[in-house]
Amino acid sequence: MLDGGKSLMLAISQDLSQNRPVEAREHVKRFHELFFTLSPDKSAIEGNIKRALQLADRSAFNYYTDFAEKGYYNRIISGNVNQVLQVDSVSCNFDTYPYKVSTYARQMIIRESNVTERSLVTRCNLLNSVRSDNNPHGFTIEAFEIIENKDIKVQKR
């Protein structure tokens, strides 16, 4: 018996809709991890950014080009800096569409001389999209913006 005798398609569709909030949070978390976790390797940075940008619209690409034009990625490479992002929480409002999302995370910027811990808060909208190998959760991030990115503490090494 499937779902009280209902059709298989109805059972599958109900199951998928129940998982949608989990998939939305995981989509946003994955984007942030790919976009903000960086190592001092040009090909690794480009690979992660490319994968992240497949999950978002032009608003994220605009941040990427702005960072690149300001030499951010070159400074990571030349300074042998590792940047690790840990997402603390992803808050999604599913009462309205597009879904409103806020993400709260911490960045650890690891240099030879010190480790800087930063607070990162972002906001975006989430649209339903087609599932693919490059976008397995079937969402697109739009209107991505960084609300806060500030130092919490710096610890000497």
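The values are calculated or read from the model by the stated rules, or taken from the named source; none is laboratory data. This structure is a prediction, so every number in the text was calculated from the model and none was measured. Cβ atoms come from the backbone with ideal geometry, glycine included; neighbour counts cover every protein chain shown. What goes into the accessible areas is simple: the full protein's heavy atoms, side chains included, and nothing from ligands, DNA or RNA. Shrake-Rupley method; radii C 1.70, N 1.55, O 1.52, S 1.80 Å.
At a glance:
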read-out: Nearest-0.05 FRET efficiency for Glu46 and Tyr97, computed from C-beta distance (R0 41 Å); value: 0.80
read-out: For peptides 74-80, 25-31, sequence by mean Cβ density within 10 Å, most packed first; value: 25-31, 74-80
read-out: Hz values of 3J(HN,Hα) by residue in the stretch 41-57 - Karplus curve (6.51, -1.76, 1.60), Gly and Pro given as x; value: 9, 4, 5, 5, 4, 4, x, 5, 5, 4, 5, 5, 5, 6, 9, 9, 8
read-out: Computed [θ] at 222 nm, deg cm²/dmol, the chain (DSSP H ≥ 4; -39,500 (n - 2.57); rounded to nearest 500); value: -12500 deg cm²/dmol
read-out: Backbone HN-Hα couplings from phi across the stretch 92-107 [Karplus 6.51/-1.76/1.60, Hz, Gly and Pro as x]; value: 10, 9, 9, 7, 10, 10, x, 5, 8, 10, 10, 10, 10, 8, 10, 10
read-out: Computed label-point distance, nm, for sites Leu127 and Asn19 using a 7 Å Cα→Cβ extension; value: 2.4
read-out: Cross-link pairs beyond the 23 Å C-alpha cut-off, checked among Lys50/Lys153; Lys29/Lys156; Lys42/Lys156; Lys42/Lys150; Lys70/Lys100; Lys29/Lys100; value: Lys50/Lys153; Lys29/Lys156; Lys42/Lys156; Lys42/Lys150; Lys70/Lys100
read-out: Residue-by-residue Karplus 3J(HN,Hα) for the stretch 61-66, coefficients 6.51, -1.76, 1.60, Hz, glycine and proline x; value: 4, 4, 5, 4, 5, 5
read-out: Portion, in percent, of the accessible area of the stretch 47-96 that falls on carbon or sulfur, probe 1.4 Å; value: 47
read-out: The stretch 25-80-the stretch 86-155 distance, computed between alpha-carbon centres (Å); value: 12
read-out: Per residue value of the accessible surface for the chain (all protein chains in place, 1.4 Å probe), Å²; value: 59
read-out: Surface accessible to a 1.4 Å probe, Arg58 within the full protein complex, Å²; value: 150
